[in-house]
Amino acid sequence: MHIVYVSDGKAGHRSQAVGLYTAMQRQSTNEVTFEEVSIDHLPVFSLFSAMFKKSMATLKQQPDYIFGVGSHTQLRVLLLGRIYPEAKTIILMKPNFPVTWFDYAIIPEHDGVEASEHVITTQGALNPIVNEQRHQQNRFLIALGGSSKRHQWNEAKVLASIQQIVDLHPQAEIILTTSRRTPKEFLDHLNEKAWASKLKIFPVEQTPQGWIFEEMQQAEAVWVTEDSVSMIFEALTAGCRVGVIKVDRLKQDRITQSIDQMIQSNRVSDSASILALAEAHAFKEAERVATYLLAQ
């Protein structure tokens, strides 16, 4: 079984495609191969030309599945589906085109599209994480985001939340990391606090690729600022107990409502105490989608 992934070069998009591919690889009784092709190597004109030949020299072999994530990949996925009509076209997002034009659209529930013959809804975006059952008691991770189109960074509120986590867990090993959206001056202000000495701080610039996924495998609990929705779902998938650090909201939409719903259903908590966090439970969205696709 061969999967072709049409790539726009964005790491978050690739993570979703790799998550589904690796889940299919784990479940399939056949060998599953993965070929990543940049949109730069798939000019639309050449795709139209290849429709008459029913083959594309750019690809190493004929695909069984064609994945795409990102607006710029959608037309290319559709055209590759015309070149290789036996392949299943799968777009991992709410598409700009009618969903019926693809074999399957895999869409997070918060996008408000109902499940159907062509739509598989998921809780959050897919990711390549599996729970490796290596979590260490009293090892915590705090992962900070920053301002976004729906959130405004509030330094005082974030500092207060971190201090609460530190004060409530004097025996815990607490690791803190930032993201590229975290304001540059924040760590300077954090380090001015006396209680910051109880944290192990790893700025995002000093963490290698895959570092945070490894930390999630070891952490018993993870606190994430609410702007980092994908990281909340990654921590759940890793099998962690998950806390949400509230930040100011610029607007209410389906994304913020999905966070509120997860808090109300006790899947995550906005408490600073691990005692208030829900016990970790199986959260395997990529596995569920892979099972469905392989059964078709």
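What follows draws every value from the coordinates through simple rules; no lab data is involved. Keep in mind the model is a prediction, meaning the values are calculated, not measured. Positions of Cβ are generated from backbone atoms using ideal geometry, with glycine treated the same way; all protein chains shown enter the neighbour counts.
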Here segment 87-136 gives, from Cα atoms, an Rg and Dmax in Å of 13.6, 46
Using a basic spin-label model with each label point 7 Å from the Cα along Cα→Cβ, how many nm lie between Trp101 and Glu279?
4.8
How much of the calculated P(r) for segment 26-115 lies past 16 Å, in percent of all Cα pairs?
55
Using alpha carbons only, how many degrees (0 to 90, rounded to 10) separate the axis of helix 229-238 from the longest principal axis of the chain?
90
Lys, Arg +1 and Asp, Glu -1 on Cβ, resulting dipole of the chain about Cα centre, debye, nearest 20
420
Would you please calculate the Kirkwood hydrodynamic radius of the chain over all C-alpha pairs and express it in Å, rounded to one decimal?
20.5
Along each of the three principal axes of the Cα atoms of segment 1-151, give the extent in whole Å, ordering the values from largest to smallest.
60, 38, 31
Using the alpha carbon gyration tensor of segment 136-276, what are the three equivalent-ellipsoid semi-axes (square root of 5 times each eigenvalue), largest first, in whole Å?
20, 18, 15
For segment 175-250, averaging the sequence separation of alpha carbon pairs under 8 Å that lie six or more residues apart and dividing by its residue count, the contact order in percent is 26
Per DSSP, the loop-located GluC sites (Glu not before Pro) within segment 107-138 having at most 15 other beta carbons within 10 Å are Glu114, Glu117, Glu132
